[in-house]
Amino acid sequence: MNIAVITPINHLKGILNLVKTKGKVFLLEEGNKSQVRELLLSQNIDTILCNPNQQSYKIDKELLEGTSVSLINTCSTGMNHIDQKYCKENNIKIYSLTRDMELINDLPSTSELAFGLMCSLLRKIPSSHNSVKKGEWDYLPFVGRQMKGLKVGVIGYGRLGKLMVRYCEAFDMEVFVYDPYVDHKHKQISLEGMFKKCDVISLHVHVTDETKYMVDKKLLDLPKKDLYVINTSRGEIVNEKDIIDALNSGKLTGYGTDVIEDEFDDISNSPIIKAMNEGKNIIVTPHTGGMTIEGQTKAYKWAINKL
């Protein structure tokens with residue numbers, strides 16, 4: 001087995017040695033698309049080990065056509081970095097962690113980041129930190145919100161949504177849940193009701209035809225008071241233009257996200273990043289949700305052992 005590792009692994013103890021037990025390893029941790037394609041062709045690669053977080057390109061026909069790749073093993077639950085239709089049509093298997101519940105039930109990292117983004121927005125932590133770095137010492141521009149008593153809407157009551165609910169309840173926040181496919185005992189509410197009622201809304205859903213751009217102008221026009229939106233799912237869950245328009249109009253007070261729609265393109269073109277750099281109340285992290293030493297080590301070991 002000739003394995004192309006196209007995601008960073010050297011920072012994870014024991015992972016490189018583990019993957020070497022599965023075949024001949026060719027390590028290209030931060031290559032661009034043309035470099036990866038050259039590796040696939042020149043070394044007769046049949047297996048790719050990947051993760052979307054560091055990838056600036058999609059694994060698609062342009063990358064795979066004419067290669068010997070027969071298996072793509074992604075150390076992630078999401079697969080929007082892979083052209084699944086092309087792979088199916090060309091008999092390329094895809095391994096992911098999507099249904100490996102024994103593993104992913106023990107990976108809370110993304111929900112922890114979602115909670116951290118919420119804290120950062122509500123208490124204006126990044127902007128107050130930057131103020132002090134400039135030598136200023138004035139609290140007035142950074143008066144934030146107390147979390148106790150705020151109403152939080154959690155969209156998606158799967159693994160990560162359940163964890164987010166637990167964290168919010170531990171801080172005495174009032175939690176509402178929207179998930180039409182899961183039975184739960186929490187306060188149920190419609191999407192429209194959630195956007196009218198809640199102070200914070202946190203997104204915990206996969207990208208599907210139903211969820212793509214689910215947060216749009218129609219919903220963002222509904223808030224009656226300050227609203228903060230947290231997105232650690234995928235950039236495509238929200239209409240990014242509508243998010244920016246809502247920030248401009250005051251319907252939305254802040255947006256904290258770990259994902260953008262153009263992750264596999266030139267991120268300088270991202271409207272979210274442009275708006276953040278123009279001073280809008282936006283916090284963006286570079287898809288670090290699952291990127292903890294503990295979480296990555298468990299996930300990569302599990303994925304590699306599938307080989």
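The values are calculated or read from the model by the stated rules, or taken from the named source; none is laboratory data. Here the structure is a predicted model, which is why all the values come from computation and not from measurement. FYI the Cβ positions are ideal-geometry reconstructions off the backbone, even for glycines, and counts take in every protein chain you see. We work out accessible area using only protein heavy atoms, side chains counted, and drop any ligands, DNA or RNA first. Shrake-Rupley method; radii C 1.70, N 1.55, O 1.52, S 1.80 Å.
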Pull up the stretch 249-266, narrow it to residues that are of a type in the set (S, T, N, Q) and in contact (Cβ under 8 Å) with a residue 24 or more places away in the chain, then point me to the one that is nearest to Val205 (Cα to Cα).
-> Thr257
Mind checking which residues of the stretch 244-276 are touching a helix residue (DSSP H, G or I) at 6+ places or on another chain (Cβ under 7 Å), within 19 Å of Val154 (Cβ to Cβ) and β-branched (Val, Ile, Thr)?
-> Thr257, Val259
Options Leu117, Leu113; residue that is closer than 18 Å to Tyr157 by Cα, out of contact with any helix residue (DSSP H, G or I) (no Cβ under 8 Å at 6 or more places or on another chain) and modelled with pLDDT of 95 or more | Leu113
Taking the stated definitions as given, is Leu41 more than 13 Å from Ser68 (Cβ to Cβ) and either modelled with pLDDT of 95 or more or in contact with a Phe, Trp or Tyr (Cβ under 6 Å, 6 or more places away or on another chain) (or both)?
-> no
Of all residues in the stretch 5-22, which are in contact with an Asp or Glu (Cβ under 9 Å, 6 or more places away or on another chain) and either under 15 Å from Asn73 (Cβ atoms) or crowded, with 16+ Cβ neighbours inside 10 Å (or both)?
-> Val5, Ile6, Thr7, Pro8, Ile9
Scanning the stretch 56-82 for residues that are more than 18 Å from the chain's Cα centre (by Cα), among the charged types (D, E, K, R) and under 28 Å from Thr232 (Cβ atoms) gives Asp60
For the stretch 145-156, does any single residue satisfy the condition of being at pLDDT 95 or above, in contact with a strand residue (DSSP E or B) (Cβ under 7 Å, 6 or more places away or on another chain) and under 23 Å from Gln55 (Cβ atoms)?
-> no
Restricting attention to strands (runs of 3 or more DSSP E) lying wholly within the stretch 41-148, give those where 2 or more residues are of a type in the set (A, V, I, L, M) and surrounded by 21 or more Cβ atoms within 10 Å (Cβ to Cβ).
-> 47-50
Scanning for something in contact with a His (Cβ under 7 Å, 6 or more places away or on another chain) and either under 25 Å from Asp258 (Cα atoms) or among the small types (Gly, Ala, Ser) (or both), does the stretch 30-47 turn up at least one residue?
-> no
Got a sec? Which of Lys212, Lys196, Lys225, Lys217 is under 21 Å from Ser120 (Cα atoms), over 12 Å from the mean Cα position of the chain (by Cα) and open to solvent by 20 Å² or more (accessible area, probe 1.4 Å)?
-> Lys225
Just a yes or no: is a residue in the stretch 156-173 within 26 Å of Leu222 (Cα to Cα), among the basic types (Lys, Arg) and under 25 Å from the mean Cα position of the chain (by Cα)?
-> yes
In the stretch 262-293, how many residues are open to solvent by 60 Å² or more (accessible area, probe 1.4 Å) and either within 17 Å of Ile237 (Cβ to Cβ) or under 17 Å from the mean Cα position of the chain (by Cα) (or both)?
-> 5
Do we have any residue at all in the stretch 283-303 that's over 24 Å from Ser96 (Cα atoms), at pLDDT 95 or above and not in a loop (DSSP other than H, G, I, E, B)?
-> yes
Looking only at strands (runs of 3 or more DSSP E) that fall completely inside the stretch 166-252, which ones have 3 or more residues that are within 22 Å of Gln146 (Cβ to Cβ) and touching a Leu at 6+ places or on another chain (Cβ under 8 Å)?
-> 228-231
With respect to Val19, determine if the residue is farther than 30 Å from Lys162 by Cα and part of a helix (DSSP H, G or I).
-> yes
Does the stretch 229-239 hold any residues that are crowded, with 24+ Cβ neighbours inside 10 Å and not polar (S, T, N, Q), and which are they?
-> Val229, Ile230, Ile237, Val238
